[in-house]
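Single-structure report; data block below.
The values are calculated or read from the model by the stated rules, or taken from the named source; none is laboratory data. All of these numbers come straight from a predicted model, not from anything done at the bench. We place every Cβ from the backbone using ideal geometry, glycine too, and count neighbours over all the protein chains shown. Keep in mind that these areas ignore ligands, DNA and RNA; they rest on the heavy atoms of the full protein, side chains included. Shrake-Rupley method; radii C 1.70, N 1.55, O 1.52, S 1.80 Å.
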Amino acid sequence: MSDRQAVEQTVHLYVEGMAFANEAALKKAFHPKSSIIGYYQNAIEWLTRDEFIAAILAEEPAPPGTQPFMDIQSVDVEGDAASVKVTDDFAGMRFTDYLSLLKIDGRWTIVSKLYHLHL
């Protein structure tokens, strides 16, 4: 598998983990020290991975068999660093996420998520 494919696989894991409230998938996609940042309800939200996962688990998951919306617009991989722009839906809201990933011990993991909530 190429690095680009592995990065995209991590993004799929993240989007599906979010859509189906899959804590294990989200923990696998995000580094334990990752940060999730953006404006939510007119305030800056700056979350740790575990705070983000708790917020996801507090929402109703998508029904089984649902195909989560995900549009990967760009992937840039350079050595052990990668950047991804992806638009996705969660809990009836549309987000554009800017994900920074790092290859650690041969596995790509999200170290930062900067998001925009479309209104």
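Would you mind estimating how fast the stretch 3-118 diffuses translationally, via Stokes-Einstein at 37 °C and 0.692 mPa s with the Kirkwood radius over Cα pairs, in µm²/s?
Approximately 233 µm²/s, per Stokes-Einstein.
Multiply the residue gap between Glu59 and Asp76 by 0.36 nm, knock off their C-alpha separation, and tell me the result in nm, one decimal place.
The span from Glu59 to Asp76 would gain 3.0 nm if fully extended.
Might you report the magnitude of the Cβ-based charge dipole of the chain about its Cα centre, with Lys and Arg at +1 and Asp and Glu at -1, to the nearest 20 debye?
180
Report ³J(HN,Hα) in whole Hz for each residue of the stretch 23-32, in order, from the Karplus equation J = 6.51 cos²θ - 1.76 cosθ + 1.60 where θ = phi - 60°; Gly and Pro get x.
My calculation for the stretch 23-32 gives 4, 5, 5, 5, 5, 6, 6, 9, 5, x Hz in order.
Amide H of Phe20: which non-local residues (sequence gap of 5 or more, or other chain) have their own amide H closer than 5 Å, using H built in the peptide plane?
Distant-sequence amide H within range of Phe20: Ala62.
May I ask you to give the percent of accessible area on the chain that is carbon plus sulfur, with a probe radius of 1.4 Å?
Taking all protein chains in place, the chain shows 52 percent carbon and sulfur surface.
Hey, what did the chain get for relative contact order, percent, Cα under 8 Å, at least 6 apart?
Normalised by residue count, the contact order of the chain is 27 percent.
Could you derive backbone 3J(HN,Hα) for the stretch 97-113 from the dihedral phi with the Karplus parameters 6.51, -1.76 and 1.60 (θ = phi - 60°), listing whole Hz in sequence and x where the residue is Gly or Pro?
With the stated coefficients, the stretch 97-113 comes to 10, 10, 9, 9, 10, 10, 8, 10, 6, x, 10, 7, 9, 6, 9, 7, 10 Hz.
Skipping prolines and chain starts, which residues have an amide H placed within reach, meaning under 5 Å, of the one on Ser112, given they are 5 or more residues away or on another chain?
It is Ser35, Ser100, by chain and number.
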